[in-house]
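Taken together, the values in this text are just the output of simple stated rules run on the coordinates, not laboratory data. Note that this is a predicted model, so its numbers are computed, not measured. Using ideal geometry, Cβ is built from the backbone for each residue, glycine included, and neighbour counts are taken over all protein chains shown.
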Amino acid sequence: MVSNWSSGDLSIVSIEQNKEIKRLKMGAFPRGIVIDSKSEYAYITIMGRKEVVKLSLLTFKSQKIKVGKGPRHLCISPKDKFLYITLNSENKIAKLNLETLEIKKVKAGHQPRSMAIDAHGKYLYVVNYNDHNFTKYDAHSLTTMAITKTKSKPIGITYDNLLNNVWVSCYSGYIQIFKDSLVVTSKSNKSHQNQIKKEVQDSLSLSFNKSEKRKEVAEVDVSFKDRSRYRKKEKKSEIVSTSGDTYLIVTGAFSKLTNVNQRVKELQVLGYESQTYFDKGKNLTFVIVAQFKTKKQALASSIRTDLEEKGISTTLKYEKNKLNLTNVKKVPNFQIDDLKEIANKNKVKQSHLGNYYIGTGVFSKSLSITNRTQQLIKIGIEPFYSIKNSLTYIYAGQFKTKELALESDVVKLLKENEINFSLIYNPNLNVFMEVE
C-alpha cells in the first residue's frame with residue numbers, strides 16, 4: 001500500500017504482479033499507513049482533514065475517525081487494541097482505543113513526526129522535528145520516560161527489539177543509534193549483540209564516533225554521518241551556470257502556462273526561486289529549482305528531500321548541453337500598491353462563474369494578505385482578490401448558486417482547517433486571479 005500525498009489517494013500494489021491493482025480516494029494529504037496483525041484493516045492518516053481512515057482490506061470499505069489536527073504517523077499495539085498517532089499541527093500524541101474509539105492526547109515536542117513501538121507494546125518512541133530530540137513514552141499511560149537530544153531535524157525512527165537500540169535518521173545527514181539504557185538486556189545476548197553491531201558497522205563502511213552518555217535519558221550508543229548523503233547548508237536556490245553537461249532538479253513539466261505559473265507560485269510560497277525552459281520536441285515547460293555540474297552535487301543537495309517533504313515531487317534530469325533558462329518573475333510580497341496596479345490592469349469580471357463568492361477576509365496590511373494567501377494555498381485553494389477603498393478582499397471560491405457554494409469542497413476545506421469565511425453576493429464584482 002502506498003499513500004499518494006499530492007493526488008490524495010491510496011495505491012494498492014500487487015507484489016506478485018508488480019503493478020498497481022487498485023486506487024482509492026482518501027482526501028487531502030494521506031500520509032502514514034499501518035496494518036493490523038491479521039491483515040484485516042489498514043489505518044491511514046489524512047493530514048489535511050484531521051482524521052484517520054480505517055480501511056477494510058477485504059471489502060475496501062472505509063470509515064473516517066476524527067483524531068485531531070495534522071495526523072502524520074501512526075503505530076498499532078501488538079494486539080491491535082490501540083492506535084498511536086502523531087498530531088503534527090497540535091504538537092500532541094494521541095492514543096485511540098480501536099474498540100471504543102475513545103481518544104487520549106498528551107502534549108509532545110514541537111512537530112512530532114515519525115514514531116515506533118516496541119514488540120511488547122510497552123514503549124513508544126517519537127521524534128520531535130523542531131526540538132531536535134526524541135521522546136520515550138510509557139505506551140499505557142503516555143507519560144514521558146526520557147527525552148534524548150539528536151542531531152538537527154530528526155525525521156525517521158525505528159526500534160530494534162533484539163538489541164534494544166533506537167535508530168534515528170536526521171535531515172542534517174546523520175543516522176544515529178541510541179542504546180536504551182532503561183530497558184534491561186540479558187547477559188546471554190551480549191556476545192550476539194556485539195557481533196551484530198560489528199556486522200552493521202562493517203556493512204555500512206562508515207566511520208562511527210562515540211557520543212557523550214546521557215545519564216537521565218537513553219544512553220547514546222553510537223552516531224555516524226553518512227558522508228555520501230551529507231548535505232551542507234545551502235541557499236533555497238541553487239542555479240549553477242555550466243558550459244556543458246548539467247543535472248537539473250525539476251519540479252514538474254507542464255503543457256499549460258497556468259500550471260507553470262501555479263507551480264512557480266507554490267515554490268515561492270515555500271521560499272524557492274525557480275527557472276524554466278521550454279522543450280520544443282516535447283512541447284513542455286520544465287520548472288527547475290536547481291542546476292548542477294555533476295550528479296554527485298545534485299544528489300548531495302537537500303532541496304529534493306525538503307520539497308518532497310512539503311508535498312512537491314521532484315526528479316533529477318540530465319541534459320547534455322547547456323540550457324537557456326528563463327528567469328521567472330518573483331511574486332512580490334503582496335504590497336498594497338502592487339495589488340492596486342495589477343487590479344487595474346487585470347480586471348476580470350467572473351460573472352460567467354456566478355455571483356456568489358466565498359470570502360476569507362478583508363485586509364489592509366501586506367503581511368496579513370500574504371499570510372492568508374499562504375494559508376489557502378497550503379490547503380489546496382487558489383485564492384483571488386478584489387480591492388476597494390484601499391482594502392484587499394481575498395476569496396476562495398465563486399459559484400452560480402448559494403447552495404452550490406455552501407455544499408462545495410472549498411467550504412469543507414475551510415471548515416476543516418478552521419479558516420473563517422463568509423458568503424458574499426455581488427453581481428458587479430471585479431476580481432483578479434494572480435499576481436504576476
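Values as computed for the structure displayed
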{"read-out": "Residue-span extension gain [K293 to K415] - 0.36 nm each, minus C-alpha spacing", "value": "39.2 nm"}
{"read-out": "Full-stretch length increase - H140, E20 - with 0.36 nm per residue and alpha-carbon distance subtracted", "value": "39.4 nm"}
{"read-out": "Per-pair calculated FRET efficiency, R0 = 60 Å: T59 and I147 via Cβ, rounded to 0.05", "value": "0.90"}
{"read-out": "Between the range 380-423 and the range 108-133, the alpha-carbon center distance in angstrom", "value": "37"}
{"read-out": "Theoretical FRET efficiency, 1/(1+(r/R0)^6), r = Cβ-Cβ of S37 and H110, R0 41 Å, to 0.05", "value": "0.80"}
{"read-out": "Net +/- balance of residues flanking F399 in space, Cβ distance below 12 Å, scoring K and R +1, D and E -1", "value": "-1"}
{"read-out": "Positive minus negative residues near Y159 (Lys, Arg vs Asp, Glu; Cβ under 9 Å)", "value": "-3"}
{"read-out": "Cleavage-rule hits, chymotrypsin sites (Phe, Trp or Tyr not before Pro), the range 1-90, DSSP coil, Cβ neighbours within 10 Å at most 15", "value": "F60"}
{"read-out": "FRET efficiency, K79 to E308 (Cβ-Cβ, R0 30 Å, nearest 0.05)", "value": "0.30"}
{"read-out": "Over 31 Å between alpha carbons, listed pairs K22/K400; K22/K105; K79/K107", "value": "K22/K400; K22/K105"}
{"read-out": "Given K153/K310; K81/K415; K54/K95; K81/K104, the pairs whose alpha carbons are separated by over 21 Å", "value": "K81/K415"}
